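Input: a single structure, listed below in structure tokens.
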Amino acid sequence: GKNITIAIDGPAGAGKSTIAKKVAEDLSIEYIDTGAMYRALTLKVLKLGLNPESIDDVIDTMKDTSIDFRNNHIYLDDIQVDKEIRENIINKNVSFIAQIKEVREGMVKIQQELARTKSIIMDGRDIGTVVLPDADFKFFLTASVEERACRRYKELLEKGESGISYEQIKEEIENRDRIDSTREIAPLTESKDAYRLDTTNKTIDECVKDIISIVKRG
Ligand code: C5P
């Protein structure tokens, strides 16, 4: 049958990637994590010792960088970087890089190409608004900032990163959301035609079920 496209947007820690991954499995379609792409470029910039706020350096770096997905893993210049892109140093810097016009243009092109020939669920900040404005289904996931910070905090503790407090994480999330929502190009906004799903008091599985029932209803 026809390919189906599902767009998932929302702020940091709303549960987008966990939920999207499960929906993808359930529907046997591909999941594309666009945040991972911005994170991978950020990792490269930091590894080269460059300043993420130096626009020209970031654009130059992007020109000789390859970022792609293979079997649900993210590759930066052919090296798998799933773990490294989740480190807190990346959280702190990624939103500067994601503000840059040329960076966004390059990423959006790759994302649109990935969605062109197959059924996918894609998550990010601008998927329903910019990347896939004609998506079959659009969802906007939210949760209170306290809940989102709490989730991230637990994640970090589970990974054994104990050097950071809940308050610090909350501040970082607020900071990232502020930059993502107020930037000039493709800011995080709630698309009018998106289903809003507040995940604050819901389990992952409840959210997955909600999305799947909407998609199946058609
Ligand atoms: O989704 P995730 O938290 O991994 O995204 C990391 C960062 O990448 C976001 O805070 C945002 O700055 C940027 N991003 C974006 N557009 C997307 C996906 C992510 O600007 N579609």
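Annotations
- For residue 202, no residue 5 or more places off, or on another chain, has a built amide H under 5 Å of its own.
- For the chain, adding -39500 (n - 2.57) for each run of n ≥ 4 DSSP H residues and dividing by the number of residues yields -15500 deg cm²/dmol at 222 nm.
- Taken one residue at a time, the phi angles of the stretch 193-198 give Karplus couplings (6.51, -1.76, 1.60, θ = phi - 60°) of 8, 9, 6, 8, 10, 8 Hz. Gly and Pro are set to x.
- Amide H within-cut-off set for residue 29, under 5 Å, with H built and near neighbours excluded: none
- Using a Förster distance of 25 Å, the FRET efficiency for residue 101-residue 193 (Cβ separation, nearest 0.05): 0.50
- The stretch 109-149 shape via C-alpha gyration tensor axes, a/c threshold 1.5: prolate
- Here the relative contact order of the stretch 52-176, from alpha carbon pairs under 8 Å that lie six or more residues apart, stands at 18 percent.
- Calculated from backbone phi, Karplus (6.51, -1.76, 1.60) coupling profile of the stretch 76-86 in Hz, x at Gly/Pro: 10, 6, 6, 10, 6, 10, 3, 6, 4, 6, 9
- What the Kirkwood sum gives for the stretch 7-90 is a hydrodynamic radius of 13.9 Å, with every pair of different alpha carbons counted.
- Taking every C-alpha pair closer than 8 Å and separated by at least 6 residues, the mean separation divided by the residue count of the stretch 140-218 gives a relative contact order of 42 percent.
- FRET efficiency estimate (nearest 0.05) - Cβ-Cβ, residue 205 to residue 3, R0 30 angstrom: 0.70
- Taking 0.36 nm per residue of separation and subtracting the current Cα-Cα distance, fully stretching the chain between residue 83 and residue 158 would add 25.7 nm.
- By DSSP, the beta bridges lying fully in the chain are antiparallel in about 25 percent of cases.
- In the structure shown, the pairs 21/118; 170/192; 44/92; 16/154 are assessed against 21 Å; a Cα-Cα span above that value is assigned to 170/192.
- Each peptide in 121-132, 90-101 gets a packing score, the mean of other Cβ atoms within 10 Å over its residues, and the list from highest to lowest is 121-132, 90-101.
- 3J(HN,Hα) from dihedral phi, the stretch 2-15, Karplus parametrisation 6.51/-1.76/1.60, rounded to Hz, x for glycine, proline: 6, 5, 10, 10, 10, 9, 10, 10, x, x, 4, x, 7, x
- Cα gyration tensor shape for the chain, rounded if a/c is under 1.5, else prolate or oblate: oblate
- Listed peptides 62-72, 202-212, 37-47 appear in the order 37-47, 202-212, 62-72 once ranked by packing, highest mean of other Cβ atoms within 10 Å at the front.
- In percent, rounded to a whole number, the relative contact order of the stretch 37-113 is 36, using alpha-carbon pairs under 8 Å and six or more apart.
- Most positive-pole-ward Cα, 130, 195, 45, against dipole of the chain from beta carbon charges: 195
- Full-stretch length increase - residue 92, residue 212 - with 0.36 nm per residue and alpha-carbon distance subtracted: 39.9 nm
Values in this text are rule-based calculations from the coordinates and carry no lab data. These numbers were taken from a predicted model, which means no experiment stands behind them. Here Cβ is always computed from backbone atoms with ideal geometry, including for glycine, and neighbour counts include all displayed protein chains.
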